[in-house]
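Bear in mind that the values in this text are calculations on the coordinates, not laboratory data. As the structure is a prediction and not an experimental result, all values here were calculated from the model. Cβ sites come from the backbone with ideal geometry, for glycine too, and all protein chains shown count toward neighbours.
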Amino acid sequence: MAGEVYSKLITSKNPKVMNASSRNGLKIDRIIIHHNATTNKNTAMNTWVQGGPANTSAHYEVTPTEIIGCVGEQYAAWHAGGTGGSDVPRIASPNQRSIGIENLNSTGGPGWKVDPKTVANCARLVADICKRYGIPLDRKHVLGHNEVTATACPGGLDVDEVVRLAKKGGTSVAKPTYYKAKGLYEVIAPQINGYRDIGFKQKRAVRFVKGTRFYAEPEKYGKITRFKTSMGYFSSNKAFVKFIKAID
């Protein structure tokens, strides 16, 4: 969808078209917290793609090192409407009045734990959303999915902790750091994707898998840095790549 509105905290935008609909004029006054119920972020996000069988989606996907925009805030994502029948949402029109944040699990079931860095990034995003929309930063307005509909979501994620960290204004939040030197680098994440543009809006088919070494030159993009290579633009996030040696 064109002109999507996201927090300035996002590290990237998922280029796929996700399930979404109109807010029908309702004001955003809630944030609803979810867990992925998987340790694979792409598995989670791929279920939200428009036309898929799941009929679900979320505005954001959060990991220990990323905040990924998936559905623009001006649209209703399909994350808390209930499953029908006796599963009636406890607040009216939950999708139309809320922003949904999904969080990657660090372990599988039954515990479905969430990495503390993911929780911290979620808190950082919650604080930003509350500030921009004038939403009170409290447990009446920041809810777990299970407080809205009949579900075990958000698993092992402690929403009280999210709110506590958000109230600290980000002082305990994990912020990504970036390499800024020209040189040879090696991928330490499972893979990093290439993009045609520094804003990561036009994804390329090329990707570097774990162990790939490549030469890169840093370029500033707002407050962060991207890598420019002969194959396109890539992330310079220190959680994804490591420095090997400098080049002239």
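For this structure, a couple of remarks:
- For region 56-69, backbone phi angles converted through the Karplus equation (6.51, -1.76, 1.60; θ = phi - 60°) give residue-by-residue couplings of 9, 5, 8, 6, 9, 10, 10, 10, x, 10, 9, 10, 9, x Hz, Gly and Pro being listed as x.
- Per-residue Cβ neighbour rank within 10 angstrom, fewest leading, Asp29, Asp138: Asp138, Asp29
- Every helix of 4 or more DSSP H residues in the chain counts as -39500 (n - 2.57), and over all residues that averages to -4500 deg cm²/dmol at 222 nm.
- With Cα atoms, 0 to 90° folded angle of helix 116-133 axis to the chain main axis: 70
- Near Ile28, no amide H atom lies under 5 Å from its own; only residues 5 or more places off or on other chains count, and H is placed 1.01 Å from N.
- Across region 147-161, computed HN-Hα scalar couplings (Karplus, 6.51 cos²θ - 1.76 cosθ + 1.60, θ = phi - 60°) run 8, 10, 9, 6, 7, 8, 5, x, x, x, 7, 8, 5, 4, 5 Hz from first to last residue, x flagging Gly and Pro.
- Here the Karplus relation 6.51 cos²θ - 1.76 cosθ + 1.60, evaluated at θ = phi - 60°, turns the backbone of region 241-248 into coupling constants of 9, 10, 7, 9, 7, 7, 10, 7 Hz, with x for every Gly and Pro.
- For Gln74, residues with placed amide H under 5 Å, excluding near neighbours: Val5
- Region 183-246: C-alpha gyration tensor shape, a/c 1.5 cut-off, then a/b vs b/c: oblate
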